[in-house]
Amino acid sequence: MKRNPRKLKWTKAFRKSANKEMIVDSTLSFAARRNIPTRYSRELIATTLKTMQRVSELHEKRERAFYRQRMAGNSAARRAADRKLVEENQHMLPEVRARLSQAGIETAETDESEAISNEDAYAVALPKTGALRKRQRALEQDSMDIE
């Protein structure tokens, strides 16, 4: 059965037509086959191998830059989708709710003044890793110095 390669997502033709692959790049011309016989020369082979390695490095670097540029707009959309998912499924987070209730924080919405005053309670309720652990230690030191 014949099919149009530009409609099959796994083909190079599709990826190039959908701007998922680099189409115009000078490093791609080095990969083309050349059926020109040349006389063996040790220096020519050495320089060719060095050139091939350098061209592959350039090609990989350009591919990474191309991918980064293509994916640049996705982070904000992905973050918004993640926030929406968490907000819609708050009831599925029993551990966080339990820790917050133990720390004396209500899970219902609070106004900004309460949220600011409950900031330290959040630090107690959340797992103590990295910056939160350092902050908690600093708060404990301050409370010990005051007493």
Need the failing condition index for ARG42 against (1) within 22 Å of MET71 (Cα to Cα); (2) surrounded by fewer than 11 Cβ atoms within 10 Å (Cβ to Cβ), just the number.
(1)
Here is a check on your reading of the model: is ARG54 of a type in the set (Lys, Arg), assigned to a helix (DSSP H, G or I) and in contact (Cβ under 8 Å) with a residue 12 or more places away in the chain?
no
From ALA65, ALA80, grab the single residue that is closer than 30 Å to SER29 by Cβ, of a type in the set (A, V, I, L, M, F, W, C) and out of contact with any Lys or Arg (no Cβ under 6 Å at 6 or more places or on another chain).
ALA65
Take LYS16 and decide whether it is without any contact (Cβ under 8 Å) to a residue 40 or more places away in the chain, loosely packed, with under 10 Cβ neighbours inside 10 Å and basic (Lys, Arg).
no
Could you tell me which of the residues SER56, SER101, SER75 is in contact with a Ser or Thr (Cβ under 9 Å, 6 or more places away or on another chain), polar (S, T, N, Q) and at pLDDT 85 or above?
SER56
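The values are calculated or read from the model by the stated rules, or taken from the named source; none is laboratory data. None of the values given here were measured: they were computed from a predicted structure. Heads up, the Cβs are rebuilt from the backbone with ideal geometry, glycines too, and the neighbour counts pull from every protein chain shown.
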